[in-house]
Structure formats: structure tokens, C-alpha cells
Amino acid sequence: MRTLFGLTIVMAATWAGCAETRIQQQQSLAVTPGAPPRVLRHVVLIRFKPDTPTEDLLAVERLARQLPQRVPSLRGFEWGTDVSVENRSEGFTHCYLMTFTSPDDRAAYLAHPAHRELLDRARPHIDRLIAVDYWARE
């Protein structure tokens, strides 16, 4: 019982340390005078179902490419399909990178009808989707 209690304390301290490190990393990106501005990146990786028809993939790609013209809060947009020679993509073929100025801009994008239309078109064909957001310096 003592060992279990001790292990619980160690795990809690480790978790707290990780959370503190994450907070420190986020705070280190705070804008300081003379520092380059920071931006919020939103990365989406998609693995489509193997039986997805080409025309459906093209329709999803077309809607994604239209996002910069349709979503005012979207500051930057890139996309591409996997061309890696490392064979480590685990079937994820499409990558989308969006840039926002603030969390509010990201929230506006996520709620925007153009984003919802894209999700509605893509969702039946998605086998797996990964989304990661992070702060970056320009």
C-alpha cells in the first residue's frame, strides 16, 4: 500500500511538472517589445478511407483550397499530399496548415460555414484525422 501511495505521489508530481513546463512554454511565447509576432498554427492530417472515390477526394481538396477566400480570420493556408520517402505516414495522405493571429480567429474559423461545409463533405470519407495547434514565431 505504501508503494502504491508513493507511486501515486511521484506520478502526480511528474504530471504537475509537465503541466508547469507547458504553461512556461506558452508564456515564453508572450509578445515582448521588439520580439517577432507570434501566430497560432492549426495542423490537420487526414487518412482517408481506402475506398474513397477520386472525385470525392478532389471535391474535398477544392473546398479546402477555397478556405482562404471564404474565411476572413484565416491568415495563412498551405496544404499538400504526402510525398515522403520515409514510409512513415501510416496512411495519412493529406496535410493542411492554417495560420491564425489569435485563438478568437481560430474559433471564428472553426465555426465558419465554409469550414463546416468542408467537414460535412469530408467526414464520410475520413478514416482518421489528427489536429494539432501550436504557437509559433513568424
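Read-outs throughout are calculated quantities, based only on the coordinates presented, and are distinct from any laboratory measurement. All figures in this text were calculated on a predicted structure; none of them were measured in a lab. For neighbour counting, all protein chains shown are included, and Cβ atoms are generated from backbone atoms with ideal geometry for every residue, glycine included.
For Phe92, neighbours were defined as the other residues whose beta-carbon sits under 12 Å from its Cβ, and their charges (Lys and Arg +1, Asp and Glu -1) total 0.
Remark: region 33-137 carries a charge dipole of roughly 340 debye about the Cα centre, counting +1 on each Lys and Arg Cβ and -1 on each Asp and Glu Cβ.
Sequentially through region 78-88, phi angles give Karplus couplings (6.51, -1.76, 1.60; θ = phi - 60°) of 9, 7, x, 10, 4, 10, 5, 9, 7, 6, 10 Hz, Gly and Pro residues having no value and appearing as x.
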